[in-house]
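Peer 1: Structure provided below as structure tokens; questions to follow.
The values are calculated or read from the model by the stated rules, or taken from the named source; none is laboratory data. Since we're looking at a predicted model, the values are computed, not measured. A quick note on method: Cβ atoms are made from the backbone with ideal geometry, for glycine too, and the neighbour counts reach across all protein chains shown. Keep in mind that these areas ignore ligands, DNA and RNA; they rest on the heavy atoms of the full protein, side chains included. Shrake-Rupley method; radii C 1.70, N 1.55, O 1.52, S 1.80 Å.
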Amino acid sequence: MNTVLIDRATVLTMDAQTGAEPVTRSIRIRDGQITEVGTELTPQPGETVLAGQDRLVVPGYVNAHTHSWEALFRARLDNLPLEHWMLLSYPVLGLAPLSPDLIRLRSALVAIESLRNGVTTLVDDVLEIPGQTEEQLAAVFETYRDAGIRANVSGHVMDRSFVSHFPFLADALAPELRAELDEVEVTNGAAYYAYAQDSAQRYRDYAGGRLRFMLGPSAPQRCSPELLVSLDELARRENLEFHIHVLETRTQAVTGEEFYGKTMVEYLHSLGVLSDHVTIAHGIWLTESDVDVLADTSTSVSHNPISNLKLGSGIAPWRRLRTAGVNLGLGTDGMSSSDTARMSEVVKSAALLHKVTGPDYRQWPTAAEVLTAATLGGARSARLGDTVGSIEVGKRADLVFYDMTSLAFTPRNKPELHLVYSENGSSIDTVMVDGRIVLQDNRLLTIDERAVLDELQARGPELRRWQDHLEHLNRALLPVFDAQYREVMGRTVAVDRFSGRGECWLN
């Protein structure tokens, strides 16, 4: 039996008793599970003892929404709204399926940056175009298995044609472009359901249960109601996370009214597709009644402040969601829409962003609230609330050790405030996932980081030529998307009714 004792560290348990209040605790771990947490635990014969002096020990961050696809598109695009940006980062024209070896490199890059920044769990909504094969999915699972990270991994799916995702696009398209788009392959809903069912079984106990398949219907407007309902049934039966993008942009708010005569949340609710299995990514353009529906159905929201800012999407109603009792997680989104897999940046952004949305400072996010969202909230949204997210007996030991003699903690004041506002990953001393040390002394123990970076650097010119070609093909659609964007911007009355106060909902 492998037993470890973390001896008298400063701890943020993130549990119901002490939350983000720093306390001195010792933690005993047997075979990856936390078995004791106390003030006076005595080392036992044969036990590995990790000294807790000058160490802050916290649950690892849960990145509640990311897309590993975008790791190859970091730092390529700027100053584009979401719909324009997606044309170039998820090209609809000219894209052939990626090889498993490139998917392994891409996934390894995300795992490396995540572990180095104290992220022990990923919710990776993997989108492959035109569709995901079993071999492509296996490449992600195998890479995360070897890296030692915990993850929910999806087969992101859309079964409606590209043109039908948008309310004002079809009539604006030139006939030749429309014909080219109509030829783009679309996933068959029934075939995807069978694929998802098989994948859920194949990866049920993968890597000792550390990795699981999740369901990734892209968004209400990109999926048929039949697919949404069938995947909801599968999620409930197999206890899987159902991960979907909802109301990220002003365009999507208008789309709900144009397509369904109601908000996207109301539409999903009418299908019976909201529950504690569901995480909606973003949730920016919510009405007050939408928020109540999310709370009543125990639906989670992944808040992604950095990507929402970069893409000009808006500001999610943090305080309204919190007050209503909606479970909140935090996510980086992809490494092209936020250009990072580092959750420390997301934590700080979430803590700061909502301070400018209203003058009542008593309503601003607290450090404890933000850290809860980054740990236990994200774990709950990922259907892992009983497994990780807090330091409690019975949970798996996904822990991060910060060196409090480092620059970010000097002079030492309130550890939780240092963690939210000062720490950027440079103070991380040790990262443990499932009781196994995966990073120590600034070195990853599970993956050859240098080899991954060297190979990606060597393939850089090839990748850039590929991306330049795709970008050239898909830029032909940008004028049509500009026209759609102007149409949406002209519908401010309808949008203001959805969002509460125009550009963003001031909390």
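Peer 1: Spelling out what I want: for every residue of region 347-355, take phi, set θ = phi - 60°, compute 6.51 cos²θ - 1.76 cosθ + 1.60 (Karplus), and round to whole Hz; glycine and proline get x.
Peer 2: 4, 5, 4, 5, 5, 8, 4, 7, 6
Peer 1: Right, here's the next one. What figure in square angstrom, to the nearest 10, would you give for the accessible area of Lys414 with a 1.4 Å probe?
Peer 2: Surface open to solvent at Lys414 totals about 120 Å².
Peer 1: What shape does region 32-130 take by its C-alpha gyration tensor, where a ≥ b ≥ c are the square roots of the eigenvalues and a/c under 1.5 counts as rounded, a/b above b/c as prolate, and the rest as oblate?
Peer 2: prolate
Peer 1: Nearest 20 debye, what's the magnitude of the dipole of region 299-437 about its Cα centre given +1 on Lys and Arg Cβ and -1 on Asp and Glu Cβ?
Peer 2: It comes to approximately 400 debye.
Peer 1: What are the ³J(HN,Hα) values, in whole Hz, obtained from phi via the Karplus relation 6.51 cos²θ - 1.76 cosθ + 1.60 with θ = phi - 60°, for each residue of region 390-403 in sequence order, with x given for Gly and Pro?
Peer 2: Once θ is set to phi - 60°, the couplings for region 390-403 become 8, 9, 9, 4, x, 8, 6, 8, 9, 10, 10, 9, 9, 7 Hz.
Peer 1: Roughly what would the spin-label model give for Ser224 and Asn413, points 7 Å off Cα along C-beta, in nm?
Peer 2: 5.8 nm
Peer 1: Largest first, how would Tyr195, Tyr61 line up by accessible area (1.4 Å probe)?
Peer 2: Solvent-accessible surface, decreasing: Tyr195, Tyr61.
Peer 1: Then there is this: Taking 0.36 nm per intervening residue step and subtracting the Cα-Cα distance, what contour gain separates Asp292 from Leu352 on full extension?
Peer 2: 19.1 nm
Peer 1: Nearest-5 percent of antiparallel DSSP beta bridges in the chain?
Peer 2: Percentage antiparallel, nearest 5: 45.
Peer 1: Quick one: putting +1 on the C-beta of Lys and Arg, -1 on the C-beta of Asp and Glu, what dipole do you get for the chain around its Cα centre, in Debye to the nearest 20?
Peer 2: Dipole about the Cα centre, nearest 20: 1080 debye.
Peer 1: Using only the alpha-carbon atoms of the chain as identical scatterers, what base-10 log of I(q)/I(0) does the Debye formula give at q = 0.06, 0.13 Å⁻¹?
Peer 2: -0.26, -1.27
Peer 1: With a 1.4 Å probe and all protein chains kept in place, how much accessible area does Arg475 have, in Å² rounded to the nearest 10?
Peer 2: Arg475 has an accessible surface of roughly 110 Å² with all protein chains in place.
Peer 1: Could you order Arg436, Arg74 by accessible surface area, starting with the largest, using a probe radius of 1.4 Å?
Peer 2: Arg436, Arg74
Peer 1: For Phe168, list long-range residues whose amide hydrogen, built 1.01 Å from N in the peptide plane, is under 5 Å from its own amide hydrogen.
Peer 2: Long-range HN contacts for Phe168: none found.
Peer 1: For Ala281, which sequence-distant residues (separation of 5 or more, or a different chain) have an amide H within less than 5 Å of its own amide H, given hydrogens modelled in the peptide plane?
Peer 2: Ile244, His245, Val246, Ser302
Peer 1: What 222 nm value per residue comes from the helices of the chain, counting each DSSP H run with n ≥ 4 as -39,500 (n - 2.57) and dividing by all residues, nearest 500 deg cm²/dmol?
Peer 2: The helix contribution divided over the chain gives -10500 deg cm²/dmol.
Peer 1: Output the antiparallel fraction of DSSP beta bridges having both residues in region 1-97, as a percent to the nearest 5.
Peer 2: 65 percent
Peer 1: Quick check: Cα centre of region 76-114 to Cα centre of region 193-238, how many Å?
Peer 2: A separation of 22 Å, based on Cα centres.
Peer 1: How many nm is it between the label spots at Glu183 and Arg465, if each spot is 7 Å from the Cα in line with the beta carbon?
Peer 2: Each label point lies 7 Å from its Cα, and together they span 2.4 nm.
Peer 1: Could you compute how much accessible surface Thr297 exposes when probed at 1.4 Å, giving the result in Å² to the nearest 10?
Peer 2: Rounded to the nearest 10, that gives 20 Å².
Peer 1: Right, next: Once you sort the root eigenvalues of the Cα gyration tensor of region 359-493 as a ≥ b ≥ c, which label holds: rounded (a/c under 1.5), prolate (a/b larger than b/c) or oblate (the other case)?
Peer 2: Oblate.
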